[in-house]
1. Quote to one decimal, in nm, the extra length available between residue 184 and residue 272 on full extension: 0.36 nm per residue of separation minus the C-alpha distance between them.
2. Extending each Cα 7 Å along its Cβ direction at residue 220 and residue 250, get the distance between those two points in nm, one decimal.
3. Which log10 I(q)/I(0) values does the stretch 1-159 give at q = 0.09, 0.17 Å⁻¹ under the Debye formula, counting every alpha carbon as one identical point scatterer?
4. Go through (1) 18.8; (2) 21.9; (3) 20.6 and flag the label whose value is the computed Kirkwood radius over Cα pairs in Å for this structure.
5. On a full-extension model of 0.36 nm per residue, what is the gain between residue 119 and residue 91, subtracting their alpha-carbon distance, rounded to one decimal in nm?
6. Within 10 Å of each residue's Cβ, count the other Cβ atoms and sort 76, 45 from fewest upward.
7. Return the sequence-ordered ³J(HN,Hα) values of the stretch 252-259 in whole Hz as given by the Karplus equation 6.51 cos²θ - 1.76 cosθ + 1.60 applied to θ = phi - 60°, using x for Gly and Pro.
8. Report the Cα centroid-to-centroid distance between the stretch 43-121 and the stretch 178-253 in angstrom, as an integer.
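What follows draws every value from the coordinates through simple rules; no lab data is involved. Model, not experiment: these values are computed from the prediction. No Cβ is skipped: glycine too gets one built from the backbone with ideal geometry, and neighbour counts run over all protein chains shown.
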Amino acid sequence: MSRNIEQLKLQANTIRKDILEMIYNIKSGHLGGSFSMVEILTALYFDEMYFNPQKPAMPNRDRFILSKGHTAPALYATLANAGYFPKEKLMTSFRRINSMLQGHPDMKKTPGVEMTSGSLGIGLSAANGMALGLRHQHIDARVYCMLGDGEINEGQIWEAAATASHYHLDNLVVFIDVNGLQNDAETKKVKNMLNIADKWKAFGFHTLEINGHDFNEIFSALDNARLHKGEPTAIISHTIKGKGVSFMENVVEFHGKTPSKEEYENGMKELSKVMVVSSEL
């Protein structure tokens, strides 16, 4: 399959600009972990997944579950760019009371959101149910679930992993966003999970490791997962928290810090330069 990687890079950069703008606009939101998963979301929504924004509930759609719900800005920006709702909603609705774009995803408020999340650890259980339900209904669709590397401290994740393996859910793909940082420290200092890939293998997953910012590696893993039968797939995605803006990268404070006016302006300048360079290639 031929993919326009340069166009996808431009799309990812647009999504990062939207994330930065919406968080700065409302002075609230989780920036670092939103930035770290942008390439994966871009690959899914602008190439891999089958869906129709005009028919968000069509039965044979692919599903995406954002289990680390605090990184909703990345999902909202992606959904808006994919056509689920007007982009101006990112500025007028995000994190406002009773709005369609809550601080954490709400499936009853936002078109394209498949699962209400926020309490960490619950998303994989829901993804299992969807994958199993699709199988029972003989619907050829796939389920993708995004976990955080801090989130996998939660015991429910591993109960759900055992369930996915038990039922041989080969229509399920789990991304683990391994950016190495969580709320206020390095993940290995909060709770060292040691070799994450070995754990998923031990739980019966077909396990792959990639650079989560490299589109070629992302698509190679997705193609591999689609061909693999009899087991769910875990894609261990090594990423950089705050990816895309140099002074935000690998800085734990940007887990939930609102950028200052100067940081916002400098960040937008960096992202705009990337777009200019990419468009000239």
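1. Values: separation 88, 0.36 × 88 = 31.68 nm, distance 2.92 nm.
Length difference between fully extended and current span is 28.8 nm.
2. Label at residue 220, label at residue 250, 2.3 nm between them.
3. Taking Cα atoms of the stretch 1-159 as identical point scatterers yields -0.28, -1.02.
4. Among (1) 18.8; (2) 21.9; (3) 20.6, the one derived from this structure is (1).
5. Details: separation 28, 0.36 × 28 = 10.08 nm, distance 2.47 nm.
This chain segment gains 7.6 nm when fully extended.
6. Working: 76 31, 45 24.
With the sparsest Cβ surroundings first, the list reads 45, 76.
7. 4, 4, 7, 4, x, 7, 7, x
8. Computed from Cα coordinates, the inter-centre distance equals 21 Å.
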